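**Student:** First, the structure itself, so that you have it in front of you.
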Amino acid sequence: MELKVYNINGSETGRTITLDDSIFAIEPNEHAIYLDCKQYMADNRQGTHKAKERSENAHSTRKLKRQKGTGGARSGDLKSPVFVGGGRIFGPKPRDYRFKLNIKTKRLARRSALSTKVADSAMTVVENFSFEAPKTKKMIEVLNNLKLADKKSLVVVENQNNFVFLSARNIPTVKVVTVCELNTYDIVNASNIVVSEGSINEINRVLATK
């Protein structure tokens, strides 16, 4: 499969780049995509939620009324969950939500997500991002040239590029990642992927079938 290569002015360079069919043209595995996105979101959960239980409330332990003869239900102290201000029954506790996912499944998920974007014509290959200084205005201009200004975009570069990162930092619909940081959730969450030409070989290396 081949895609046209554009420059940052939005013009065709007259060249095409050949994509590896084993990465960009496979039959998408929806379950692998689901598992990888689920793991990504679980890894980002803080897990610091906490509610006080009966033994942790600062109330008197005095028994409120006698056990029998009142005609009502038995009750203990104010810490009882049936009273306002009492402890919570089975309340949340701090926990780690992370879980393990096989690396082969993660690679399959990323290949499936990329293949879906290519099939939907939602991937744009750009020759390079030659920014001389970090300018948000410059990044907006590039997106306008590529007709992606109103779309949620994921920009993939081969190496850490602070000029590109800083130029996109204040644009809420744009996220810049390196190939090593590329994950299934970001691919699925973006409406369009803008990939630098130099990062294609790096993607092939990272996601090669092993």
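The values are calculated or read from the model by the stated rules, or taken from the named source; none is laboratory data. Here the structure is a predicted model, which is why all the values come from computation and not from measurement. FYI the Cβ positions are ideal-geometry reconstructions off the backbone, even for glycines, and counts take in every protein chain you see. Just the protein is used for accessible areas: all its heavy atoms, side chains included, with ligands, DNA and RNA removed. Shrake-Rupley method; radii C 1.70, N 1.55, O 1.52, S 1.80 Å.
**Student:** Hey, if you put +1 on the Cβ of every Lys and Arg and -1 on every Asp and Glu Cβ in the range 1-154, which of Ala133, Ser55, Ala32 ends up farthest toward the positive end of that dipole?
**Tutor:** Toward the positive end, the furthest listed residue is Ser55.
**Student:** Modelling each spin label as a point 7 Å along the Cα-to-Cβ direction, I'd like the Asn144/Arg15 distance in nm, to one decimal.
**Tutor:** Computed distance between label sites Asn144 and Arg15 equals 2.7 nm.
**Student:** A further question on this structure: Please list Ser55, Ser60, Ser115 from largest to smallest accessible area, probe radius 1.4 Å, with all protein chains kept in place.
**Tutor:** If we order Ser55, Ser60, Ser115 from most to least accessible, we get Ser55, Ser60, Ser115.
**Student:** Take every DSSP beta bridge whose two residues both sit in the chain, then give the antiparallel share in percent to the nearest 5.
**Tutor:** 20
**Student:** What is the magnitude of the charge dipole of the chain about its Cα centre, with +1 placed on the Cβ of each Lys and Arg, -1 on the Cβ of each Asp and Glu, and no other charges, expressed in debye to the nearest 20?
**Tutor:** Once rounded to the nearest 20, the dipole reads 2300 debye.
**Student:** Checking the cross-link filter: which lysines have an alpha carbon closer than 25 Å to that of Lys152, excluding same-chain neighbours under 8 positions apart?
**Tutor:** Qualifying lysines at Cα under 25 Å: Lys4, Lys38, Lys106, Lys117, Lys135, Lys137, Lys138, Lys175.
**Student:** Heavy atoms of the protein only, probe of 1.4 Å, neighbouring chains included. What is the accessible area of His59 in Å², nearest 10?
**Tutor:** 80
**Student:** Additional query: Multiply the residue separation of Phe99 and Ala58 by 0.36 nm, subtract the distance between their alpha-carbon atoms, and state the gained length in nm to one decimal.
**Tutor:** Stretched fully, the Phe99-Ala58 segment lengthens by 11.2 nm.
**Student:** Right, next: Sorted by average packing, counted as other Cβ atoms within 10 angstrom per residue and highest first, what order do 119-132, 176-189 take?
**Tutor:** The densest-packed peptide leads the list: 176-189, 119-132.
**Student:** Let me ask you something else. Determine the sum of side-chain charges near Ala73: Lys and Arg each +1, Asp and Glu each -1, restricted to other residues whose C-beta is under 15 angstrom from that of Ala73.
**Tutor:** In short, +4.
**Student:** Excluding same-chain residues fewer than 8 positions from Lys63, which lysines have a Cα within less than 29 Å of its Cα?
**Tutor:** Leaving aside lysines fewer than 8 places away in the same chain, those within reach of Lys63 are Lys50, Lys52, Lys79, Lys93.
**Student:** Follow-up. Which of Asn189, Pro81, Ser11 sits closest to the plus end of the dipole of the chain, meaning its Cα is farthest towards the positive end, when Lys and Arg get +1 and Asp and Glu get -1 on the C-beta?
**Tutor:** Most positive-ward Cα: Pro81.
**Student:** Using the heavy atoms of the protein chains alone and a 1.4 angstrom probe, what is the accessible area of the range 106-181 per residue in square angstrom?
**Tutor:** Counting only protein heavy atoms, the per-residue value for the range 106-181 is 52 Å².
**Student:** Let me check I've understood the local charge: for Lys93, count other residues with C-beta under 15 angstrom from its C-beta, Lys and Arg +1, Asp and Glu -1. What total comes out?
**Tutor:** +3
**Student:** Stretched out fully, how many nm does the piece from Gln160 to Tyr34 gain, at 0.36 nm a residue minus the Cα gap?
**Tutor:** Working it through step by step, the gained length comes to 42.5 nm.
**Student:** Right, another one. Could you please state how large a percent of the accessible area of the range 150-210 is carbon and sulfur, counting protein chains only and using a 1.4 Å probe?
**Tutor:** 49
**Student:** Rolling a 1.4 Å sphere over the protein heavy atoms, what is the accessible area per residue of the range 14-86, to the nearest Å²?
**Tutor:** Accessible area per residue: 71 Å².
**Student:** Shifting gears a bit: Local charge sum around Ile203 (other residues, Cβ-Cβ under 10 Å, Lys/Arg +1, Asp/Glu -1)?
**Tutor:** Neighbour charge sum, excluding Ile203 itself: 0.
**Student:** What do you get for Rg/Rh of the range 58-122 when both radii come from the Cα atoms and Rh is the Kirkwood radius?
**Tutor:** Across the range 58-122, the Cα-based Rg/Rh ratio is 1.55.
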